[in-house]
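Here's the structure we're looking at; comments come further down.
Laboratory data are not the source of any read-out in this text; all were calculated from the coordinates shown. Source: prediction; values computed, not measured. For neighbour counting, all protein chains shown are included, and Cβ atoms are generated from backbone atoms with ideal geometry for every residue, glycine included.
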Amino acid sequence: MAAPNIETIVSLAKRRGFVFPASDIYGGLGSSWDYGPLGVELANNIKNSWWNWVVYERDDIEGLDSSIIQNRLVWKYSGHETTFSDPLADCRDCKTRLREDKLERNSDGKLVCSNCGSTDLTESRPFNLMFRTTIGAVSSDDDPAALAYLRPETAQGIFVNFKNVLDTSRRKLPFGIAQIGKAFRNEVTPGNFIFRTREFEQMEIEYFCRPDDAPRVHQEWLDAYDAWLETIGISSKNVVHYEQSAEELAHYSDRTVDFLYRFFPERQEEDKQFDELLGIANRTDYDLRVHSKKPENEEGKRINPDTTEDLSYFDPQTNERFYPYCIEPSIGVNRTLLAVLMEAYEERTNDKGEVRVILKLKPALAPIKVAVLPLAKNNESIVTMAKNLKRSLQPSMRAVYDDTGGIGKLYARQDEIGTPFCVTVDHESIVDNAVTVRDRDSWQQERVAVGDLEQFLRQRLY
Ligand code: ATP
């Protein structure tokens, strides 16, 4: 079972401290969200899981953390200044601003306003999605010399560092560069909770290879992501691959496959239940070429007269110099977190007929790995033993101590936030130096000697 809709997750997220509406005490801010005590842990665990997988467990990827604000020329030559836009139309009746490419058509083939159903819409016009800012103490806000952008993708920071990483790491093709970081897009129609926001986080890999090797590498990444999604608990039955058509492809892409997740299971028609979780594009040699000083146009003029570098690659085996192709798997942290929560959500009825929520998160992602609970909070020996246990477990796993309710309530609370194990210290524990370990998914309990506890938990968590 998974969550029946995003709303169920919104309410759980707010109730238990995963995600809160941003600036809530001032009425909120459109599509901005803050990650609370559990949300920040879950997001960090997703990012760590991804980083371990691509940077540590593989031998062909280096990490990077580039600036959010880059020289404006990066966005000029990448093409974002001229082409990073969505088609914007206005509804003349209800005045809503709409993303034209997301609208449905009526039986006459006319576009329909998603807010009021009117077909009286303006012609669409391109709306650039980059957030603008100014650098330094400028005299006027529209001073072009001070104009800068918040990055709309982390990828360009990787391309402009291609040579730095290549030279310092002494890599040979194929190899990749991975980066996690914030990206900003002034989306026309943000919404659906954290699915589409104006500030979000991406986990991107630019994987460089020989041009003739690109189709094989692309397929390898498609398979790799299928497998990784399973490891973080996203079931393949809720994921479909979508091959972008020639009209949909971005200007730099030769082929792009999107992985769509069933974010909207409540929708009647099955194909409307899915939307993008990640995309894997073959960006060809587009980006390295446009940031390089040597390439020329048909008239023999440099396409980039501003750059000081040439981002080509010399292959010592074949004695060839060329611009590598690049395969780019790009996934949002926030959409991953939403998919992980939806997938983990389960309701179960206990013997008293009460409905309980259980978040069956993979242990590696769970915000809290173990909760240590005293059976009697007024018994000093039990409380001291429980607190000491929490402290001794903490260096190797995120542990919490909680005595703010009866044991049934405490178990239910931990189930609802996905804590894989609860450890209960009872009267017997003082005598036999053992505790009861309760499993979140089976609700089974097992007596474990205190001396074996850490090992017992580690074996089941990692
Ligand atoms: P969409 O078609 O949904 O607007 P996109 O194709 O423009 O997405 P990409 O440019 O491929 O998105 O970005 C890579 C990933 O970054 C997406 O698959 C998604 O996970 C994430 N992402 C993109 N835009 C947003 C956003 N506004 N809010 C949250 N995550 C986003």
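For this structure, a couple of remarks:
- DSSP bridge orientation in the stretch 368-461 - percent antiparallel, rounded to nearest 5: 55
- The distance linking the stretch 62-86 with the stretch 357-376 is 41 Å (Cα centroid to Cα centroid, whole angstrom).
- The dipole here belongs to the chain: it is taken about the Cα centre, uses +1 on the Cβ of Lys and Arg and -1 on the Cβ of Asp and Glu, and is about 1180 debye.
- √(5λ) per eigenvalue of the Cα gyration tensor, the chain, largest first, Å: 45, 29, 21
- Helix 380-393 vs. the chain, principal-axis angle (Cα, 0 to 90°, nearest 10): 30
- Applying a 4.7 Å Cβ-Cβ cutoff to the chain leaves CYS209, CYS326, CYS422 as cysteine residues with no disulfide-compatible partner.
- Potential extension, LYS76-ASN5 segment - 0.36 nm per residue separation minus Cα distance: 21.5 nm
- 15 Å beta-carbon shell around PRO374, net charge (K/R +1, D/E -1): +2
- The calculated FRET efficiency for the pair SER23 and PHE264, based on their C-beta separation and a Förster distance of 41 Å, comes to about 0.95.
- Residue order, fewest to most beta carbons within 10 Å, for CYS94, CYS209: CYS94, CYS209
- Put in line by how crowded their Cβ is, counting other Cβ atoms within 10 Å and starting with the fewest, ASP415, ASP120, ASP254 read ASP120, ASP254, ASP415.
- Dipole-positive endmost among PHE274, LEU288, ILE407 within the chain (Cβ charges, Cα centre): ILE407
- GluC sites (Glu not before Pro) restricted to the stretch 103-200 and DSSP loop, no more than 15 other C-beta within 10 Å: GLU123
- Under the combined filter of DSSP loop state and at most 16 neighbouring Cβ atoms within 10 Å, the stretch 354-440 retains these GluC sites (Glu not before Pro): GLU354.
- Candidate lysines - alpha carbon under 27 Å from LYS95, same-chain residues fewer than 8 apart omitted: LYS110, LYS272
- If you take all other residues with their beta carbon under 13 Å from the beta carbon of ARG460, and give Lys and Arg +1 and Asp and Glu -1, the sum is 0.
- Of LYS47/LYS387; LYS102/LYS182; LYS47/LYS163; LYS163/LYS294; LYS352/LYS409, those spanning more than 21 Å from alpha-carbon to alpha-carbon: LYS47/LYS387; LYS102/LYS182; LYS47/LYS163
- Centre separation in Å (Cα based) which lies between the stretch 377-456 and the stretch 125-165: 50
- Pairwise FRET efficiency - GLU248 versus ILE68, Cβ, R0 = 35 Å, nearest 0.05: 0.80
- Between GLU354 and THR122, residue separation times 0.36 nm minus the direct Cα-Cα distance comes to 78.3 nm.
- Note on PHE20, PHE421: ascending count of other Cβ atoms within 10 Å places them as PHE20, PHE421, the fewest first.
- CD proxy at 222 nm, helix term only [per DSSP H run n ≥ 4: -39500 (n - 2.57); per residue of the chain; nearest 500]: -8000 deg cm²/dmol
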